[in-house]
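Student: Can you keep this structure in mind? I'll have questions shortly.
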Amino acid sequence: MAQDIVVGVPNWPTANATSHIIKLALEQNLGLEVELQTGTNAIIFEGMDKGSMHVHPEVWLPNQQNLHDTFVTEKGSVAMNSNSVQGFTSVCIPKGFAEEHGISSIEDLTNPDTAALFDSNGDGTGEIWIGAAGWASTNVERIRAKSIGYDQVFDLVEMDETIAYAQLDNAIKAGEGWVGQCYGPHYIFALHDLTTLEETPHDPERWTVVQPTDDPNWLENSSADVGWPSSTLHVFYATSLESDFPEAAAMLANMSLDSDALSSMAFEVAVNNKDVEVFAAEWIAANEDRVLGWFVN
């Protein structure tokens, strides 16, 4: 039997938890058949545009601004929930390691001697985790590394964040160096004492970010030597739901979460290894009034 609604599941903990909560809330309150389907940001947006998928549970702006502009502004095939959660993106290292070696700013990473402190494989070059493949922020971190200059002394590593944060855990236990992208809301700040590196405050005049989906020469045509702008997280959904399943579209437009809720969700799923389906059912039961409020027009 074909599913009524397909909810995308991006590859980070808060989005995983939120997608399961959306699925269960729609099934319990509207009696719909809802399927979960993994996918990158671009794949989920394309699916919402074509009708093969219907919901993205957690879109980061401005990270996905190009997808917003294409599918919301230009095509009108996707809608954005205006209830946002505040977030941030930066670069972090363990606090104790930072204090021991006098590392406080992102410009410190351009020093070859500093970079050598993060050489975990013995090849003479430090490694910095810039994010997972498929994340828009990974591309932006590559642009920032080029613009600030630490790409000259670091290997820019892309890998799944569960592996990256396992390496962080091991580095802290061993008293060794680790540096990489960090963002919040996220459980990692409850798990470890991290230092967010100081950066030049965001300046739109110095932030020219082009994504590979928009320009094959995106890296050379981009420049960003300042900190990230403030982030907002939103639910996005296919506008086709407004006619096909208007009650579901209204719920997705009304849905509202906060950073504390997202951080606790990620902690339970990623750190305490709670089964995400079990967690979603327990969370909905514990937050019944909030969830029912999403279905009030």
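Student: Please calculate how many Å² of accessible area the chain carries per residue, with a 1.4 Å probe and no DNA, RNA or ligand atoms counted. All intermediate terms of the calculation are to be shown ahead of the outcome.
Tutor: On the way: 12850 Å² over 297 residues.
On a per-residue basis, the chain sits at 43 Å².
Student: Where Lys and Arg each count +1 and Asp and Glu each count -1, what net charge lies around residue 136 among other residues with Cβ under 12 Å from its Cβ?
Tutor: Residues near residue 136 contribute -1 overall.
Student: So what J values fall out for the stretch 55-72 if you push phi through Karplus, 6.51 cos²θ - 1.76 cosθ + 1.60 with θ = phi - 60°, rounded to Hz, Gly and Pro as x?
Tutor: Working through the residues one at a time gives 9, 10, x, 7, 9, 8, 10, x, 3, 9, 4, 5, 6, 4, 5, 6, 9, 8 Hz.
Student: Let me test this: with uniform point scatterers at the alpha carbons of the stretch 25-176, what is the Debye-based log₁₀ I(q)/I(0) at q = 0.11, 0.18, 0.20 1/Å?
Tutor: -0.59, -1.10, -1.26
Student: Full-extension gain between residue 88 and residue 176, please, as 0.36 nm times their residue separation minus the C-alpha to C-alpha distance.
Tutor: The span from residue 88 to residue 176 would gain 29.1 nm if fully extended.
Student: So what is the 222 nm mean residue ellipticity for the chain from helices alone, if each DSSP H run of at least 4 adds -39500 (n - 2.57) and you divide by all residues, rounding to the nearest 500 deg cm²/dmol?
Tutor: My calculation for the chain gives -10500 deg cm²/dmol from helical runs alone.
Student: Now, a different point. Angle check, please: helix 136-148 long axis (alpha carbons) against the longest principal axis of the chain (alpha carbons), in degrees 0 to 90, nearest 10.
Tutor: Roughly 20 degrees, rounded to the nearest 10.
Student: What does the charge add up to near residue 178, with Lys and Arg as +1, Asp and Glu as -1, over the other residues with Cβ less than 10 Å from its Cβ?
Tutor: Result for the local shell: -3.
Student: Follow-up. Where a ≥ b ≥ c are the square roots of the eigenvalues of the C-alpha gyration tensor, would you call the stretch 166-297 rounded, which needs a/c under 1.5, or, failing that, prolate if a/b is larger than b/c, or oblate?
Tutor: In terms of gyration-tensor shape, oblate.
Student: Measuring from label point to label point, each 7 Å out along Cα→Cβ, what is the residue 254 to residue 206 span in nm?
Tutor: In this crude spin-label approximation the distance works out to 4.5 nm.
Student: Apply the Karplus parameterisation 6.51 cos²θ - 1.76 cosθ + 1.60, with θ equal to phi minus 60°, to every residue of the stretch 255-264 and state each ³J(HN,Hα) to the nearest whole Hz, in sequence, with x for glycine and proline.
Tutor: Coupling constants for the stretch 255-264: 3, 9, 10, 9, 5, 5, 5, 5, 4, 5 Hz.
Student: Sticking with this structure for a sec: Answer with one residue from 191, 149, 210: the one whose Cα lies farthest towards the positive end of the charge dipole of the stretch 131-244, charges on Cβ with Lys, Arg +1 and Asp, Glu -1.
Tutor: So the residue furthest toward the plus end is 191.
Student: Out of residues 5 or more away from residue 232 or on other chains, whose amide H comes under 5 Å of its own, with H placed 1.01 Å from N in the peptide plane?
Tutor: For residue 232, whose amide H was placed from the backbone, the distant partners under 5 Å are 61, 87.
Student: Quick one: which of 50/274; 23/75; 23/50; 95/146; 95/274 span more than 31 angstrom between C-alpha atoms?
Tutor: Exceeds cut-off: 50/274.
Student: Net charge around residue 166, counting only other residues with Cβ within less than 15 Å of its Cβ (Lys, Arg = +1; Asp, Glu = -1)?
Tutor: So the environment of residue 166 carries a net charge of -4.
Student: Moving to a separate point now. If you roll a 1.4 angstrom probe over the protein chains with everything in place, what fraction of the accessible area of the stretch 132-195 belongs to carbon and sulfur, to the nearest %?
Tutor: Details: 1140 of 2380 Å².
About 48 percent, which is the carbon plus sulfur part of the accessible surface.
Student: Shifting gears a bit: Quick one: which of 279-288, 140-149, 35-44 comes out on top by average Cβ neighbours within 10 Å, and what's the full order, highest first?
Tutor: 140-149, 35-44, 279-288
Student: What does the stretch 148-209 give for Rg and for Dmax, in Å, if only its C-alpha atoms count?
Tutor: Every Cα atom of the stretch 148-209 included, Rg and Dmax give 13.9, 41 Å.
Student: Residue 195's amide H: which non-local residues (gap 5+, or another chain) put their own amide H closer than 5 Å, with H modeled 1.01 Å from N in plane and none for Pro or chain starts?
Tutor: Hits under the 5 Å cutoff: 93, 95.
Student: Can I ask one more? P(r) of the stretch 87-156 in 5 Å steps, Cα pairs, percent per bin?
Tutor: Result, from short to long distances: 3, 16, 27, 25, 20, 7, 1, 0 percent.
Student: Would you mind getting me the FRET efficiency between residue 278 and residue 116? Use the beta-carbon distance for r and R0 = 41 Å, nearest 0.05.
Tutor: 0.35
Student: Once you treat every alpha carbon in the chain as an equal point and sum by Debye, what is log10 I(q)/I(0) at q = 0.08 Å⁻¹?
Tutor: Ignoring solvent entirely, the Cα scatterers give -0.37.
Student: Using amide H atoms built 1.01 Å from N in the peptide plane, name the residues 5+ places from residue 180, or on other chains, whose amide H lies under 5 Å from its own.
Tutor: Excluding prolines and chain starts, which carry no amide H, the hits are 92, 129.
Student: May I pose another question? So what's the angle, to the nearest 10 degrees on a 0 to 90 scale, between helix 161-174 and the longest Cα principal axis of the chain?
Tutor: 40 degrees
Student: Then there is this: When the Debye formula is applied to the Cα atoms of the stretch 129-237, each taken as the same point scatterer, what base-10 log of I(q)/I(0) results at q = 0.14, 0.21 Å⁻¹?
Tutor: -0.64, -1.34
Student: Can I ask one more? Measure nothing but the geometry: give the 0 to 90° angle between the long axis through the Cα atoms of 276-286 and the longest principal axis through the Cα atoms of the chain, rounded to 10°.
Tutor: Between helix and principal axis, roughly 60 degrees.
Student: Treating the beta-carbon of each Lys and Arg as +1 and of each Asp and Glu as -1, no other charges, what is the dipole magnitude of the chain about its Cα centre, to the nearest 20 debye?
Tutor: 360 debye
Student: Which whole-angstrom value gives the distance between the alpha carbon centres of the stretch 165-195 and the stretch 241-294?
Tutor: Each part's Cα centre sits 26 Å from the other's.
The values are calculated or read from the model by the stated rules, or taken from the named source; none is laboratory data. Just so it is clear, the model here is predicted, and its values are computed rather than measured. When we count neighbours, we look across all protein chains shown, and the Cβ atoms used for this are built from the backbone with ideal geometry, even at glycine. All accessible areas refer to the heavy atoms of the entire protein, side chains included, with ligands and DNA or RNA removed. Shrake-Rupley method; radii C 1.70, N 1.55, O 1.52, S 1.80 Å.
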